[in-house]
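Read through the structure below, which is laid out as structure tokens, and then see the notes.
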Amino acid sequence: MIPLPVHAVVREVGLRDGLQSLETVLPTARKCAWIAAAFAAGQREIEVGSFVPARLLPQLADTAEVLAYAKTLPGLVATVLVPNLKGAERALECGADLLLLPLSASHAHSLANLRKTPDEVVAEMARIRAARDASGKKTLIEGGVGTAFGCTLQGAVKPAEVLRLMMALLDAGADRVSLADTVGYANPRAVAELFEQAIQLAGERFCCGHFHDTRGLALANVYAALQVGVTRFDASLAGIGGCPHAPGASGNAATEDLAFMLAACGVDTGLDIPALLALRAQVVGWLQGEPTHGALWRAGLPTTAPAFA
């Protein structure tokens, strides 16, 4: 274990991972207002959508327009998820700062989610890297290994297989990689062990942890990852989101709860937590009837700590 980092980045993924799981189709103007408010609250990395067919995910059909708005905000890293080469070509064309290709370490989940085996996704990564290089763009490519701690469809996923696929993505051309607990099977001990091995193998190219709060352990898992040196985490405002292949799964750690925990532990995020809570209230109002999560909004910030006053 090492001392907790001085600084950490919270990447907002509610506009993609969150909204794609809800029935509500949020208007483009409200998505842009969300991004503007998140930016004003200090967020500098936001996953703004995904380039997938509109018939499959109408909630994200306006990703190009939302990305164009995000690109007007100075210093904002606008990320999009892409399922394949075609999506990556759209991301490159539209000027995304970072594109993320998801890969499921679970063979069964990979086939259900992307209709490809994990190794076929690795081959797709090589084609995406070639397209990026040919375009002359500086867009970063991240390979995200999901179901890293198990899968509702397959069951156990061996850590050795997770690490093999992570390194295969790097060998195929990913600039960096991340690990995701897609269905909420992770626990702090497993996180510390797997993430420590990932860092030993990938070094600085291992960039992010993505934890769902399905069984209430997302923040505990973040803390375990912090202790082995991870400094970037995905989070979803109001904890929205889920996984279609994980019944009962909630979204990531709530952005506002994660920001509060990090601040309470002395880890700087540059985030204005009262502003995030105000944004949460606004977004929840837009998503009436949809499931939301989180704890901080109920009790509010403690009055005993000057940092939260």
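Scanning segment 16-32 for residues that are touching a residue at least 60 places away in the same chain (Cβ under 8 Å) and aliphatic (A, V, I, L, M), we see that the one that is surrounded by the most Cβ atoms within 10 Å (Cβ to Cβ) is L19.
Restrict the check to segment 192-206 and report whether at least one residue is closer than 19 Å to T255 by Cβ and modelled with pLDDT of 95 or more. Spell out the reasoning first.
Within segment 192-206, the first condition is being closer than 19 Å to T255 by Cβ, and the residues that meet it are none.
No, the conditions are met nowhere in segment 192-206.
Among residues of segment 55-70 that are assigned to a helix (DSSP H, G or I), those with a Cβ under 7 angstrom from a residue that is surrounded by 23 or more Cβ atoms within 10 Å (Cβ to Cβ) and of a type in the set (S, T, Y), sequence gap 6+ or separate chain, pair up as L60/S50; T63/S50. Counting only helices (runs of 4 or more DSSP H) that fall entirely inside segment 189-294 and contain at least 2 residues that are within 21 Å of L98 (Cβ to Cβ), the qualifying elements are 218-227, 255-264. Filtering S104, S50 for residues that are touching a Gly at 6+ places or on another chain (Cβ under 8 Å), closer than 21 Å to H210 by Cα, crowded, with 18+ Cβ neighbours inside 10 Å and touching a residue at least 60 places away in the same chain (Cβ under 8 Å) leaves a single hit, S104. For segment 113-169, which residues satisfy the criterion of being within 22 Å of the chain's Cα centre (by Cα), polar (S, T, N, Q) and not in a helix (DSSP H, G or I)? Scanning segment 113-169 gives T117, T139, T147, T152.
Quick check, is T63 of a type in the set (S, T, Y) and within 14 Å of I141 (Cβ to Cβ)? No: the conditions fail for T63. Report whether or not V13 is touching a helix residue (DSSP H, G or I) at 6+ places or on another chain (Cβ under 8 Å) and crowded, with 17+ Cβ neighbours inside 10 Å. It is false that V13 is touching a helix residue (DSSP H, G or I) at 6+ places or on another chain (Cβ under 8 Å) and crowded, with 17+ Cβ neighbours inside 10 Å.
For the condition of a type outside the set (S, T, Y) and surrounded by 24 or more Cβ atoms within 10 Å (Cβ to Cβ), G173 does not qualify.
Of these, L67, L73, which one is under 26 Å from A278 (Cα atoms), in contact with a Phe, Trp or Tyr (Cβ under 8 Å, 6 or more places away or on another chain) and not hydroxyl-bearing (S, T, Y)?
After ruling out the rest, the residue left standing is L73.
For segment 1-10, filtered to residues that are touching a residue at least 24 places away in the same chain (Cβ under 8 Å) and surrounded by fewer than 21 Cβ atoms within 10 Å (Cβ to Cβ), the residue that is nearest to V77 (Cα to Cα) is V9.
Among the residues of segment 36-47, those identified as in contact (Cβ under 8 Å) with a residue 40 or more places away in the chain and in contact with a Leu (Cβ under 7 Å, 6 or more places away or on another chain) are A37, A38, A41, G42, Q43, R44, E47.
For segment 128-171, how many residues are of a type in the set (A, V, I, L, M) and farther than 22 Å from H109 by Cβ? Quick ask: steps written out before the conclusion?
So in segment 128-171, the residues of a type in the set (A, V, I, L, M) come out as 128, 130-131, 134, 140-141, 145, 148, 153, 156-157, 160, 162-163, 165-170.
Still in the running and farther than 22 Å from H109 by Cβ: 130-131, 134, 140.
Final tally of qualifying residues: 4.
The values are calculated or read from the model by the stated rules, or taken from the named source; none is laboratory data. Source: prediction; values computed, not measured. Counting neighbours? That spans all protein chains shown, and the Cβs are built from the backbone with ideal geometry, glycine included.
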